[in-house]
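As structure tokens, the structure follows; a few thoughts come after it.
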Amino acid sequence: MSEDIRWEVVEESALSLTDHEAIAAMLAQAFPSWSHWYVGGRSWAGMQPERRVLGRTEDGVVLAHVGIRRMFVTVGGEDVLVGDTGLVGVSPRLQGSGVGRELMERVHDVLDGLRVPYGFLGAGEDRIPFYAHMGWHEFPEAVGTFSAFTADGAGVVETEQGGWMVRPVTARLEDWPEGPILLNGQQV
Ligand SMILES: CC(C)(COP(=O)(O)OP(=O)(O)OC[C@H]1O[C@@H](n2cnc3c(N)ncnc32)[C@H](O)[C@@H]1OP(=O)(O)O)[C@@H](O)C(=O)NCCC(=O)NCCS
């Protein structure tokens, strides 16, 4: 890796407007089809995270980012506490150089520190192999229902099969309940 990255974990309430702007600027590059959304200080797309993992340059430019929020999801009729993980992005010029691995290792440390039973995320089909490589487990048969990102239209309920991924933290993977996943809200 060619660049010296400063890593930090920041609680949402500690973020300044400048921080939100720096995060939004990177997310707009990492998710070009949503660049219309990540403008100004709008550094989230659905559920606002409670904690961020940030990799920055010395002068504060954000190069890597993840948002995490604890929430309950209903799985097969059971309420399960998860650390919902999203807004995973690395600056395009650094993608493929190991920064994503460093980022996810820090995410795992945060999830461990939160002592949630599971980390949870919804991955696009082309990103499933990356998260699987990082130790996340996909439930390909699982059907998840969630409110679409505000960027796509608030309150619209969508159902998708596949891409629902879990990382056991304090609970065991085999204890993840069977059945449909109801997020009862938006994803991070
Ligand atoms: C997805 C993303 C965060 C990955 O970050 P990255 O810096 O490119 O990833 P890295 O180079 O650190 O790769 C980490 C590891 O995953 C592996 N990997 C990356 N993509 C992979 C893929 N599609 N399939 C299998 N393994 C993959 C790498 O080979 C590497 O393995 P190694 O550490 O054992 O050598 C980054 O590409 C990105 O921001 N993409 C655009 C935004 C996005 O799609 N975010 C995810 C939304 S669900």
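The values are calculated or read from the model by the stated rules, or taken from the named source; none is laboratory data. Since the model is a prediction, treat every value here as computed from it, not as a measurement. All Cβ positions, even for glycine, are placed from backbone atoms using ideal geometry, and neighbour counts span all protein chains on display.
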Query - Residue list for region 79-117, filter: farther than 24 Å from P180 by Cβ and small (G, A, S) - result: G89, S91, G96, S97, G98, G100, G113
Query raised in the report: Can we say L15 is away from the ligand (no atom under 16 Å from the Cβ), surrounded by 13 or more Cβ atoms within 10 Å (Cβ to Cβ) and among the aliphatic types (A, V, I, L, M)?
Result: yes
Query - Count - residues of region 84-104 that are without any contact (Cβ under 8 Å) to a residue 24 or more places away in the chain and over 17 Å from L27 (Cβ atoms) - result: 1
Query raised in the report: Within region 167-179, is even one residue surrounded by 14 or more Cβ atoms within 10 Å (Cβ to Cβ) and within 15 Å of the ligand (Cβ to nearest atom)?
Result: yes
Report task. Give V75, V110 a once-over and let me know the one that is within 25 Å of N184 (Cβ to Cβ) and buried (at least 23 other Cβ atoms within 10 Å of the Cβ). Result -> V75
Query - Subset tally (residues that are modelled with pLDDT under 95 and within 17 Å of G89 (Cβ to Cβ)) for region 125-159 - result: 2
**Report entry** Some residue of region 35-57 being of a type in the set (V, I, T), surrounded by 17 or more Cβ atoms within 10 Å (Cβ to Cβ), touching a Gly at 6+ places or on another chain (Cβ under 6 Å) and closer than 22 Å to G100 by Cβ
**Finding:** no
Query raised in the report: Taking strands (runs of 3 or more DSSP E) that do not extend beyond region 23-140, which have at least 3 residues that are within 11 Å of the ligand (Cβ to nearest atom)?
Result: 62-75, 78-90
